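These notes concern the structure reproduced below.
The values are calculated or read from the model by the stated rules, or taken from the named source; none is laboratory data. Please read all numbers here as calculations on a predicted model, not as lab measurements. Every residue, glycine as well, gets a Cβ built from its backbone with ideal geometry; the counts of neighbours run over all protein chains shown.
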Amino acid sequence: MVSEPAELPRRRASVEVLRAEAADELATLIHERLRGGEDPWEFMEDLPTVDELVVFTLRAEHIEADGGLRPTAARNQRLLRLIAAEYPELTRAVWRLIGQENTHRRWDAVVRVVDGR
């Protein structure tokens, strides 16, 4: 049920602060990839949006609060819907992520190498 936003860990920050933190993280990701010699034309489309990073952060906090267990696909979908219910400004980003099979750091070159993608 989407009517259970109490399941999400409580945030101290507003969406604007979360977006500012995510923008800093995204800038760091881009900087690391450029310093690694990657061509931005090849990786920029793989990077998440600022709002997607905020959703990933919120999801990660929930996973940590739940003992660090990676959620099942069904639990992940439910969690994403809860995030959209609690943070309506992130609804578009949540709906872009719902249904995607691999949302775990798909933009990270190290994860892609390990996963073989």
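Here is how the numbers come out for the structure above:
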{"read-out": "Considering residues of segment 23-77 that are outside any helix (DSSP H, G or I) and of a type in the set (Ser, Thr, Tyr) only, the residue modelled with the lowest pLDDT", "value": "Thr72"}
{"read-out": "Residue within segment 101-110 that is touching a helix residue (DSSP H, G or I) at 6+ places or on another chain (Cβ under 7 Å), at pLDDT 60 or above and under 27 Å from Ala27 (Cα atoms) present", "value": "no"}
